Amino acid sequence: MKLKAPVHTPDHADSYYAATKNWQTDYPQLLDHATYDVCIVGGGFTGVATALELAEQGYGVAVLEARKVGWGASGRNGGQLIRGIGEAPEQFVNQIGQEGVAAIHQMGVEAVEIVRERVRQFDIQCDLKMGYMDAAIKPRQLADITDNYVALKQRNYPHRLLLLHEQGVQEYVNSKRYIGGMVDMGSGHLHPLNLCLGEARVAQQLGVQFFEQSPVVNIIKRNRPQVITDKGSITCEFVVLAGNAYLGNLEPKIGKKVLPAGSYMIATEKLEDHLWQSLMPNDCAVCDTSIALDYFRLSADKRLLFGGLCNYSGRDPRSIVSSLRPKMIKVFPQLASTAIEFQWGGMIGIGANRMPQIGRLETNIYYAQAYSGHGVNASHMAGRVVAEAICQQSRRIDTFARIRHMTFPGGLYLRSPLLALGMLWHRLKEAV
Ligand SMILES: Cc1cc2nc3c(=O)[nH]c(=O)nc-3n(C[C@H](O)[C@H](O)[C@H](O)COP(=O)(O)OP(=O)(O)OC[C@H]3O[C@@H](n4cnc5c(N)ncnc54)[C@H](O)[C@@H]3O)c2cc1C
C-alpha cells in the first residue's frame, strides 16, 4: 500500500476536507477591546450556526475561534447528516414529560431541515446529497432497526424510509457484512468543512465579525460579561460557549460533563466508476449500529471515506491507517489493493447520557456541547434554540436544560481511562 504524504495545511488539520476546501479563511486576530451584543466562543458548527441565527435577528455578534473556523470536529467529521437528536429521548420522560420527548423528536427532523434549507437558500457548495442507511451486522441490531422504523412511521416521519433484508441491503452496500438495514431519504451526507466555511461566509455577510487565532483564556462574569483572549477582550450582553470537546477547562462546570474522545477517518484514492458503482450504487452514507461503529460514504470525487475507532482512552492510535484499513477491508474486500491517500482524526464531545447538553450557565451565559458523535445536525438545532432563547423568541432551550447530565468521575486525568474501561465492558457484552 502506498500512502501519499498528507497535504500540509498549516491551519486546518491535514485531511481530505482541508485538501478540498473551497476557500481559505483569513479572519483577523482580536488585538484590542471591542463591544458586541453577543460573543461566541468557538467557530465550529455550534458557534457559526448560533452566530448566523442571531445575525438574522439583527444582533451584533463576534465569534472568537482559537485557531481557524471549522478547525475542530466540524471540519473533520464523517459528513453524515443524520436525523434525530440524542439517543432515545423517551428515557428522559420523567424529566421533560411526553411533550418534551415529542419536542426533541420534532427537532431531530428540523435539525436536518435547517442544514438543507441553509445550503439551498445561500447556495453553499458542500456536496450535500440525501440518502443514508443504518446497517445491521447482527440479528439483534436488525431487530432494533426494525423497531426504530416502526416508531418513525408512527411519528409520521416525513421522508421515505425503506426497511431492507440481506438481499435488499446489497443493492445499497455491496458487502456481505450486513444482514439488513434501513434507508432514510431524509438524512444524507456532505463536505462538512465546506459547509462550515460557507455558513461562516454567509454569517459574515450578515454582519458577524469572526476572529481567528484568538483563544479565550478567561470570562469575567458580571452584568455585561467580559471575554478575554490572549491579546484582547470583548464586552457583551451575552456569551455563548461553543468550544465543545476542545473547550478544556475554560468553564469547568460544563467541561467536566463532556469527555473528548478521538474518532478517526481514512480516504482512499479516487475509485474507478465501475468500482464505486459496484460498491455503493446509490451513493448513500452508511453507519452500522455497533457500539464501536464503522461509518462510511463516498466523497463527491468518489473516494471511500471510512471512519470509526471511537477512542475513549484519550490516546491516538499509533497509525490511523493500520487501525482503520482492516476494518474497511472487512466491509469491502474489493478494496484490498486500493491506496489510502488521507488519514486524520478529531475529538468528539461525549456526554454520559448521549443527549446534547444545551442550557444556561448564568442568565447571560449559554452553552451547547456533547452531541456524542451525532452533531452535524444537532449543532445546527442547538444554534437555533440558543439564539431563540437570547432573542426571547421561544423557550425550546428549557426542554434541553431540564435534562440532568452526569459529571464524569475521575477528574480531568482519570475520566478517560475510566470511561474506556466502561466502554470495553459494553463492547464485551455486545460481542457475547
Ligand atoms: C472524526 C469525526 C467524525 C464525526 N462524524 C460525524 C458524522 O458523520 N455525523 C455527525 O453528525 N457527527 C459527526 N461527528 C461529530 C461532529 O463533528 C460534532 O458533533 C460537531 O462538529 C460539533 O461541532 P461544535 O461546533 O460543537 O464543535 P467543534 O467543531 O469541535 O468546534 C469547537 C471549536 O471551538 C474552538 N475553541 C475551543 N475552546 C476555545 C477557546 N477557549 N477559545 C476560542 N475557541 C475555542 C475550537 O478551536 C473549535 O474550532 C464526528 C466527529 C469527529 C471528530
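The values are calculated or read from the model by the stated rules, or taken from the named source; none is laboratory data. Computed from a predicted model, the values in this text were never measured in an experiment. Here Cβ is always computed from backbone atoms with ideal geometry, including for glycine, and neighbour counts include all displayed protein chains.
Collect the residues in segment 369-382 that are near the ligand (Cβ under 9 Å from one of its atoms) and either surrounded by 24 or more Cβ atoms within 10 Å (Cβ to Cβ) or within 18 Å of GLU251 (Cβ to Cβ) (or both), keeping them in residue-number order. Step through it out loud before you land on a result.
Within segment 369-382, the subset near the ligand (Cβ under 9 Å from one of its atoms) is 369-379, 382.
GLN369, ALA370, TYR371, GLY375, VAL376, ASN377, ALA378, SER379, ALA382 - these are the residues of segment 369-382 that are near the ligand (Cβ under 9 Å from one of its atoms) and either surrounded by 24 or more Cβ atoms within 10 Å (Cβ to Cβ) or within 18 Å of GLU251 (Cβ to Cβ) (or both).
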message: Pull out all pairs, ordered by first then second residue, where Cβ-Cβ is under 9 Å, the residues are six or more apart or on different chains, the first lies in segment 148-174 and is within 22 Å of GLU113 (Cα to Cα), and the second is surrounded by 13 or more Cβ atoms within 10 Å (Cβ to Cβ) and among the aromatic types (Phe, Trp, Tyr).
response: ALA151/TYR157; LEU161/TYR149; LEU162/TYR149; LEU162/TYR172
message: I'd like the residue in segment 119-168 that is among the acidic types (Asp, Glu) and within 25 Å of ALA103 (Cβ to Cβ) and, out of all such residues, is surrounded by the most Cβ atoms within 10 Å (Cβ to Cβ).
response: ASP134
field: Residue satisfying all of: in segment 80-101; free of Cβ contacts under 8 Å to residues at least 12 places away in the same chain and of a type in the set (A, V, I, L, M, F, W, C); farthest from PHE306 (Cα to Cα) among these
entry: VAL93
message: Just to be sure I understand the filter: pairs with C-beta atoms under 6 Å, separated by 6 or more residues or on different chains, first member in segment 234-260 and farther than 16 Å from THR407 by Cβ and touching a residue at least 60 places away in the same chain (Cβ under 8 Å), second member surrounded by 22 or more Cβ atoms within 10 Å (Cβ to Cβ) and among the aromatic types (Phe, Trp, Tyr). Which pairs pass?
response: VAL240/TYR366; LEU241/TYR367
- request: Quick one: in segment 61-94, of everything that is over 17 Å from the mean Cα position of the chain (by Cα) and among the small types (Gly, Ala, Ser), which residue is nearest to the ligand (Cβ to nearest atom)?
  value: ALA66
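Have a look at GLU341, GLU362 and point out the one that is more than 16 Å from the ligand (Cβ to nearest atom) and at pLDDT below 95.
Values: GLU341 fails: at pLDDT below 95.
Selected residue: GLU362, the only one of GLU341, GLU362 that is more than 16 Å from the ligand (Cβ to nearest atom) and at pLDDT below 95.
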field: segment 366-389 residues that are free of Cβ contacts under 8 Å to residues at least 12 places away in the same chain and of a type outside the set (S, T, N, Q), paired with ones that are crowded, with 24+ Cβ neighbours inside 10 Å and not in a loop (DSSP other than H, G, I, E, B) (beta carbon under 6 Å, 6 or more apart)
entry: none
Selection from segment 36-52 of residues that are away from the ligand (no atom under 11 Å from the Cβ) and either surrounded by fewer than 24 Cβ atoms within 10 Å (Cβ to Cβ) or among the aromatic types (Phe, Trp, Tyr) (or both): TYR36, ASP37
